Amino acid sequence: MLRLHARPDRLTFPFVLRSVAALGEVGMGRVLHGMLVKVGVEMDLFVRVSLVDMYVKVGLLGCALQVFDQSPERVRSESVLLWNVLINGCCRGGELGRAVETFEAMPVRTSGSWNILIHGFLRAGDLVRARRFFDRMPQEMKNVVTWTTMISGFSQNEDHEQALGLFRRMLEEGVRPNDHTIVSALSACASIGALRTGVWIHEYISKKGFRLKRIVGTALVDMYAKCGKIDSASQVFGEVREKNLLTWTVMISGWATNGCSDLALQWFEDMINAGVKPDDVVFLAILTACSHSGMVKEGLRLFNSMRFDYDIEPNVKHYASMVDLFGRAGQLEEALNFIEKIPIKPDFVVWGALFCACRAHKNIEMAELASKKLLQLEPTHPGSYIFLSNIYAGVGRWEDVERVRRTMKSKNIEKPPGWSYIEVDDQVHRFLAGDKTHQHSQEIFAKLEEVTVKASAEGYNPDTKWVLHNIEEEEKEDALGSHSEKLALAFGIMSTPNGTTIRIVKNLRVCGDCHSLMKYVSMVSGREIILRDIKRFHHFKDGMCTCRDYW
DNA sequence: GCTAAAGTCA
């Protein structure tokens, strides 16, 4: 346009500035601002809003403020948007105090003003202040964006229960959800394995005639896959129109985490044949599938194909996955050799993968080497210490376990809390290790005792190795073997009819003792137990697990 | 003909 000497005017700039903002082109933003002044473009409110927003998005809050302060319209009520984008800028720049001041100072407020501020708090992880402003916001101003902001914000801050509670309240208040809302709610269901709520949302959107478009469809497939309903996931996948790479990725990782590695690889081929170009994420999913099922050759072939056929540079996660692939298969020397050849610095996850393999295959020397690296890389990461204490516990060196525990205590390093979710009658229950706060706590512990006794009669033997590596407050509860997944299991058995499948979601890796107990319980109770841990699904039935004790 | 705020994958 400039080359043809056509003069941009006040109507041209908003478009261009928006592009600059989206691309984060700081230099170009300044050039445009300069050009605008030089050619004497009339600075109306549109131009100013676009300018302030551009500066906000490229991270120049000072410049945004300058333009704002020079805007004569800012005191008039039609300038709300100018204030709104500035508040957004303060929030993005981490200046929440200033955002609130600006918010309180503005002449008029719209829904957007509130929404932007609430979003700012949520992004900063300040759920309390977000909630406070949400409660203060006039009821009639709350719109679908307000509710969706709250739902996704709470979910992104790991409070999925409150997120779903907000979703229910929103419907009660008669606010109609849109695609954004549905996706946020489904994502919350996926995070905590709230299958019944997820199914309910599925029914709701079918009834309300939502088309299974790409993003809603993908969120639905992901929800089913993460709730262990992989058949439903694949059925929904078939109904999604205009699938894209992401739709395929959630489905393929779904097969992989649900223990169907063959299908993961098969569907990957289908995806390629459908003309969808793979990326680094989907490759990570199929490499994981290979390592979970011991397909070393296939994994290696795919790793090479990724680099040579698709020109995708492996990142540290791919390398970690390869170490895992060799390590799980017991090829520890290959794993170590592989690490030494990695062109980038191996991180915590890479050495962690080697460590886990060493523990599983009982190679103490290499485990100690890996553990040393872990401590060097992340001296304050609780995992480094837990790994180390695991090795010692494994070979019965209890004084060393004790020493590690003391070190952690003196450095104020705490083990991350383990929690498990279970959904019973549309209600999600969360348990912490040793949790006695549940209203049916006594019955739960009695039930746990009862199933443990039954399981023991069949040959279950509590594995003290897993109990003793735990530390701090958990120690006492661990003596009772009350890991969160066990409590959820007992609660599930006592509060659902015989034969009902039990579904549990845990935030950490399942421990060997819990895994063993679940196998026996699936046998003695005749129930299927589906446990999702941080890595994958364990599907227990008739005393066996789909992970084949290899996870 | 133009300006803001909410969403899916490892």
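A few points about this structure:
- Just so you know, in segment A:68-79 the residues that are surrounded by 13 or more Cβ atoms within 10 Å (Cβ to Cβ) and farther than 22 Å from A:Ala22 by Cα include one that is nearest to DNA strand B (Cβ to nearest atom), and it is A:Ser79.
- Long-range neighbours under 9 Å by Cβ, at least six apart or interchain, first residue closer than 12 Å to A:Val58 by Cβ and free of Cβ contacts under 8 Å to residues at least 40 places away in the same chain within segment A:1-25, second more than 7 Å from DNA strand B (Cβ to nearest atom) and hydroxyl-bearing (Ser, Thr, Tyr): A:Ala21/A:Tyr55; A:Glu25/A:Ser19
- Residue in segment A:45-53 that is within 30 Å of A:Met137 (Cβ to Cβ) and more than 15 Å from DNA strand B (Cβ to nearest atom) present: no
- Residue tally, condition of a type in the set (Val, Ile, Thr) and assigned to a loop (DSSP other than H, G, I, E, B), over segment A:268-300: 1
- Filter pass, A:Phe237 being away from DNA strand B (no atom under 11 Å from the Cβ), more than 24 Å from A:Ala357 (Cα to Cα) and not small (Gly, Ala, Ser): yes
- Only one of A:Val276, A:Val282, A:Val296 that is within 10 Å of DNA strand B (Cβ to nearest atom) and surrounded by 15 or more Cβ atoms within 10 Å (Cβ to Cβ): A:Val282
- Segment A:130-156, subset surrounded by fewer than 18 Cβ atoms within 10 Å (Cβ to Cβ) and within 11 Å of DNA strand B (Cβ to nearest atom), residue nearest to A:Ile422 (Cα to Cα): A:Gln156
- Per-region count, segment A:301-313, residues surrounded by 13 or more Cβ atoms within 10 Å (Cβ to Cβ) and part of a helix (DSSP H, G or I): 5
- Taken together, A:Leu17, A:Leu36, A:Leu65 contain a single residue that is part of a helix (DSSP H, G or I) and within 12 Å of DNA strand B (Cβ to nearest atom), which is A:Leu17.
Any read-out appearing in this document is the output of simple, stated calculations on the displayed coordinates, not a laboratory observation. All of these numbers come straight from a predicted model, not from anything done at the bench. As a convention, Cβ positions derive from the backbone with ideal geometry for all residues, glycine included, and neighbour counts pool all protein chains shown.
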